[in-house]
Each structure stands twice: as structure tokens, then as C-alpha cells.
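A quick write-up on the structure given underneath.
Every number in this text was worked out from the coordinates using simple rules, so none of it is lab data. Just so it is clear, the structure is predicted and the values come from calculations on it, not from any experiment. Glycine gets a Cβ as well: all are built from the backbone with ideal geometry, and neighbour counts include every protein chain shown.
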Amino acid sequence: MTQRLLLLLAAADPTGDPVLLARAAGRLGIICPAAAPAEAAGLVTVGAHVSFRHPLVRSAVYRAAPADERRAAHRALAEATDPDRRAWHRAQATPGPDDGVAGELERSADSARARGGLAAAAFLERSVTLTLDPARRADRALAAAQANYQAGAFDAGLALVTIAEEEPLDEFQQGRACLLRGEIALPSRHGSDAPPLLLSAARTLDPLNVRLARGAYLEPLSAALMAGRLAGGGGWREVAEAARAARPSPRPARPADLLLDGLALVITEGYPAGAPLLQRAVRAVCRGGEVSADEELRSLWSAYYAAGLLWDYRSWDVLSADQVRLAREAGALIALPTALNSRAGVYLFAGEFAAVASLAGEVQSVTEVTGSMVVPYAELVNMFAATWADSSANSASLEPASRAPRRVGYVAGVPGDLAGHGQQRAEFGAEVRGAVPDRHRLLQRPAGGPPARGVRGLAVGALVHSGHRQRDRLAGLGVEAAMCGDRLLDALVGD
């Protein structure tokens, strides 16, 4: 009995802290030498760290214990541990709903984020099951859905939105639920559902919470700009026009507000109208300020995009690095692939091809873990980098597009096929080497689309960093080139 309880304590504590185990065991009247038989059997090792022989052994010990013994173990650990983990263990020791424990879990979720996005999601999800008040239960379910989405747990996020919708929601909560459904749809196979959901959420929230509404407008706008010519249709323009017609932002305007207004102006009125506002927005995001990590993370990609439009390489570099850092610190696995894609683009322009290849591998790993269907653009960037890098290490990746692995991702609900991009890469390589006379054909901007990036942006990196004879034309263009859009690329690829 004593040995079983000690093993249960060790299984219930994820930290593996032997001091904590000894303190908790003492509260149950157990002394740690009771673990000796289990150690002799090779089940567990108690030293500088408490570790089980295999994770399945830990799981078997915990699940085989009666519910009352599990609660007793968590109660002892709650009394012996730090405040944040105390909230989690108290929740596990509580047999039924308890609003006080649920509130403690909710308050501890921010600290749990330091241990990863899924830790915060687990805290918030448990708080939902302990909450009696319907309105508070709905709020906590929406917060838990947001945390699961950011950690890349899409199915769990959707399930929690459904739990929230089972409660009587006010109009604001309905808007939040719609917003979350749109956000979760974006990186999934249901991405085509996202723009109308996000736009509907923004319109619902506009009279209730202007700041949240403007964030909802920025999401589909950013997605359409990320998709570029894959976005199709006119949804991006509809969002831009709706954003311009919505209530103005409170004063002083946040960086996210400046970004939304600037991007909407660029789309509806052109570069000269929107570029000055985008310059203010990029400077504001680079300076930082008193905004939450979640709000900052939402703004960074749009600011990165804006810096690219302005040909502001220094800000582009800073913002892409901040994206990666913040996504990692927050455990936001859903944001990490996009951040790594952005960083790969910056490394490409700097000629750091080995770094591009490393980031491409990391994007693939993260998307495989989360199931995200976001197009792994870093892999595309890596393929383009290999086209003009004179390195034998990259020669193996220059296989014909017909033999390239077929990988499909989604941006704003539109499939992107990297095998198809491989064909573009092969054609582009021929153009860089002068084998195709008409360089403008591949780099042509689709009529009526959002501001061009993608292959055209990669073309600039190729021509500038591969020693192309036209690269010196870049120095004479300056910021006016960004405001005039295609003049920059025309100067680099045209004779």
C-alpha cells in the first residue's frame, strides 16, 4: 500500500522533482525509502530526477489507482508545490464543480504558458469542467478553445467552442465563438469557411468591441495577402472595404489599427495612398509597447508583410525574428510555421541558404505534429534557394518537378501544391540562367490580385544575391519603388 501510494505520487507529478516528492510523501505519512522495492524492480529511479522506466509505466500506475487515491495524491502535491502547480493539483483533487478552484486555474493559465501552449490549454480546459455558472463556463470554454487553437490542437479547440455554444450566449460571446471557428478553419482543410466566418464575426463584434472587431478584420486580410495569387476571387477586397467602412479605432491607435488601415488603403486605393500609414505601423510594431503577447503575435506577420511592401529590409529582419521568438516563447505552435516561413524569406534575401534549409525542415516537423495544413513556404523558398546556390550540397534538391514529392497545404482555404511550385522553381531557374528570353512571363502580377509577393519576391532575392547584372538598379529606386509596386521588379528583370 505504501509503495503503491509513493509510485502514484511520482506518477501524478510531471516535474520529477525528488524534493517535491519527499514533501508530498511526508504529508501522506510515507518515507521515501518505500520506493526501494520499485527501484530494485526497475520501475522507477529516484535520484536528481524522478523518472519511470517508460512513460507507459507512469501512465499505468496512475490509471490503475482508484479515484480517491488519485485525488489524495494530488491534494498532497498541492500542499507541497508552488502556487501555479498548486492550482492544477487542487483541480485534480476536486471531485466535482468548484468555482473557486476554476478561478484559480484560470488565473494560473498565463504562468502555465511559460511551460508551453498546451499547458495553458489544459489549465483552462479543466477550469471549464469545474465551473457552475453558465456565463462563466462559456467564457472559459472560449478561452480554452483559443489556447488549444494557438497550441495547434484544432479538434479540441472546436469541441470547446461547441461546449460554449451549448450555453446561452450573449451577442459578444456569439461573435467570439464565430471568430474562433474562423481562426481554427484557416490552417485546416476547412479554410474556405474561414473568410466569411471571420468577416461575420468582425461585423458582429463591431458595435460591441471595436478593438476585437478590428483584429477580426485583420485576420482574413492577412490570410489573403499571405495566399497572394492563390487567394482567388475578390474576398480580400471585400474585407478591405468592410474594414474601411467599420468604426474607426479608439485613440491612440494601436499598431494593429495602423496596419489594418494601411493595408486596407493599399488594397483599395493603391500603394501611394497606403504606404505612409504602413510606414508608421511598421515603426510602431518594431518599437513594441504595452500589448499582450497574443495581440503582438497577431500583428507581427502583417507588419512583416508591410515592411516587405515598403522594401524596409531592416524592419523585415527584426519583425521576422520577433515572430519566431514570440511564437516559441508562447508555445504557439499554430503561429510557428508562419513565423518560420517568414524568417526563411529574410534569410533567402540575405543569401543564407543553409539557414533557409534548416527552417524548411523545422516547418515540416511542426506541421506534421499539429496537422496544420498551412503551406510550408519555407520548403518552397528552400527549393528556390537551391536553384541559384552554386553549392554541391544543394544539387540533390534540384530534381525535376515531376519527381518532387507531392505536398499540399492550404492558405485561406486554397490548396497549394509544392510539386506545382517545383515546376515554377524549374522554370524560374531557367530564366535566371538566361535560358528563357521572356523573364516577365513568370513574374507577371495577376490582374486584380492583392499586392504581389511569392515568386516575384523570391525573384528579387535571386537577382540581387546571385550576382545578376541588373542588381545595381536596385540602389537607384528607393522607397518610391515600393509605392509604385512593380517598378522594383521591372527594373531588376527588364532590359
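Odds and ends about this structure:
- Pairwise label distance in nanometres, ALA273 with ALA321, each label 7 Å out on the Cα-Cβ vector: 3.6
- Prolate/oblate/rounded label for segment 1-81 (Cα gyration tensor, a/c 1.5): rounded
- Under-5 Å amide H pairs with VAL50, H placed in peptide plane, nonlocal only: ASP17
- Highest-first arrangement of 121-133, 314-326, where packing means the average Cβ count within 10 Å: 121-133, 314-326
- Here each label is just a point 7 Å from Cα along the line to Cβ, and for ILE31 and ARG314 those points are 6.8 nm apart.
- Sum of side-chain charges, ALA64 neighbourhood, beta-carbon under 13 Å (Lys, Arg +1; Asp, Glu -1): +3
- Placing a pseudo-label 7 Å from each Cα along the Cα-to-Cβ vector at ARG23 and LEU212 gives an inter-label distance of 3.8 nm.
- Look at the Cα gyration tensor of segment 85-169: its axes a ≥ b ≥ c give a/c of at least 1.5 with a/b at or below b/c, and that counts as oblate.
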